[in-house]
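Asks: My questions will all concern the structure given below.
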Amino acid sequence: MKTIATIKEMNDWAKSHLLLGDSIGLVPTMGYLHEGHLSLVNKARHENDLVVTSIFVNPTQFGRNEDLSVYPRDPLGDSAKLEAAGVDVLFMPEADKLYGAGYETFVELERLPLPLCGKSRPGHFRGVATIVLKLFNIVQPQRAYFGNKDYQQLQVIKKMVRDLNVNTGIIGCPIVRETDGLAMSSRNSYLSTTERKQAICLYGALMVARRLFASGESDSKVYIQAMRDKVMAEPEAVVDYISLVDRETLENITIVSGDALAVLAVKIGKTRLIDNMLLAESASKNQ
Ligand code: PAF
């Protein structure tokens, strides 16, 4: 595996391989890799001639009071995992090279970033869309891979690519869970032992929603109340949002049908966790 730190070297490498007719799959990450990331790498490996994984903790997607300075990092461990997973290039650019002095251009969607995570993280999706488009321009991937856990992020990226005629296929991949159901996330490392036990309430709430769906319930208020009750049973849990939304538009729905996505964000102590589930699909297929 080659490790590249400069934009020019990354772009030259990509262009030389595109000339040879190779397809490039990109897995953009912020590092501190877990099985969820590696499942994206694995899929990219199967669908492309070459795989590039980027590790970049993108400052523009963190709010002023968020965890940028303490975001977990493990470059050596990450590099070993990617090497073992058969990645061709690890791209680790420096922040001051991607956002040099006088930087002023951002990608902003008008509607999709407003609900859900966008409400408590204003500016977050502007930072995500911007860095993802920059990475696409540098790495020139045919396909790029993102986890379904950050569902709103995935929809924002799909929409950006459609609206701006970007030539990269966006592949959403199933959520990878711990054995007790907690969705894998680099931020799980913030949880104390007690918080880790309580964090299972997000998955528990999604299971409550799925059971209601299986029983034929169609009133979204019933779902939201039952999910809230499940989460609030944990002493450290504070609900940011619990919603049933349309899987495409992310607009709230009142009558629950097969297209409904249950989504939630919950703070366990200081750690904000998110999760989601399509109610109509089987657990193994969707997640
Ligand atoms: O999902 C992430 O890790 C980040 O938001 C991404 C897509 C790598 C952009 O910084």
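The values are calculated or read from the model by the stated rules, or taken from the named source; none is laboratory data. Values in this document were obtained by computation on a predicted structure and should not be read as measured data. No Cβ is skipped: glycine too gets one built from the backbone with ideal geometry, and neighbour counts run over all protein chains shown. The area values use the complete protein model at the heavy-atom level, side chains included, leaving out ligands, DNA and RNA. Shrake-Rupley method; radii C 1.70, N 1.55, O 1.52, S 1.80 Å.
Asks: Quick one: in the range 157-191, of everything that is free of Cβ contacts under 8 Å to residues at least 40 places away in the same chain and open to solvent by 40 Å² or more (accessible area, probe 1.4 Å), which residue is farthest from LEU26 (Cα to Cα)?
Replies: ASP180
Asks: Hey, another quick one. List every residue pair whose Cβ atoms sit under 8 Å apart, with the two residues 6 or more apart in sequence or on different chains, where the first one lies in the range 41-68 and is free of Cβ contacts under 8 Å to residues at least 12 places away in the same chain and more than 10 Å from the ligand (Cβ to nearest atom) and the second, anywhere, is of a type in the set (A, V, I, L, M, F, W, C) and assigned to a loop (DSSP other than H, G, I, E, B).
Replies: Correct list of pairs: LEU68/VAL57; LEU68/PHE62.
Asks: Now for a separate question. Does SER257 qualify as being in contact (Cβ under 8 Å) with a residue 12 or more places away in the chain, in contact with a Pro (Cβ under 6 Å, 6 or more places away or on another chain) and of a type in the set (Gly, Ala, Ser)?
Replies: No; evaluated as a whole, the condition is false for this residue.
Asks: Right, something else. Give the number of residues within the range 129-178 that are within 11 Å of the chain's Cα centre (by Cα) and of a type in the set (Ser, Thr, Tyr).
Replies: Final tally of qualifying residues: 2.
Asks: Can you name every residue in the range 192-216 that is of a type in the set (Ser, Thr, Tyr), over 14 Å from GLY269 (Cα atoms) and open to solvent by 70 Å² or more (accessible area, probe 1.4 Å)?
Replies: Result: SER215, single match.
Asks: Let me ask something additional. Name every residue in the range 145-200 that is more than 16 Å from the ligand (Cβ to nearest atom) and of a type in the set (Gly, Ala, Ser), in order of residue number.
Replies: Correct list: GLY181, SER192, ALA199.
Asks: Among the helices (runs of 4 or more DSSP H) contained in the range 144-256, which hold 2 or more residues that are at pLDDT 95 or above and small (Gly, Ala, Ser)?
Replies: Where helices (runs of 4 or more DSSP H) fall fully within the range 144-256 and carry at least 2 residues being at pLDDT 95 or above and small (Gly, Ala, Ser), they are 201-214, 220-232.
Asks: Condition check: hydroxyl-bearing (Ser, Thr, Tyr) and surrounded by fewer than 19 Cβ atoms within 10 Å (Cβ to Cβ). Does TYR103 satisfy that?
Replies: When the stated conditions are applied, TYR103 passes them.
Asks: Another one. Suppose we filter the range 35-86 for residues that are touching a Lys or Arg at 6+ places or on another chain (Cβ under 8 Å), open to solvent by less than 20 Å² (accessible area, probe 1.4 Å) and over 30 Å from PRO122 (Cα atoms); how many remain?
Replies: The qualifying residues number 3.
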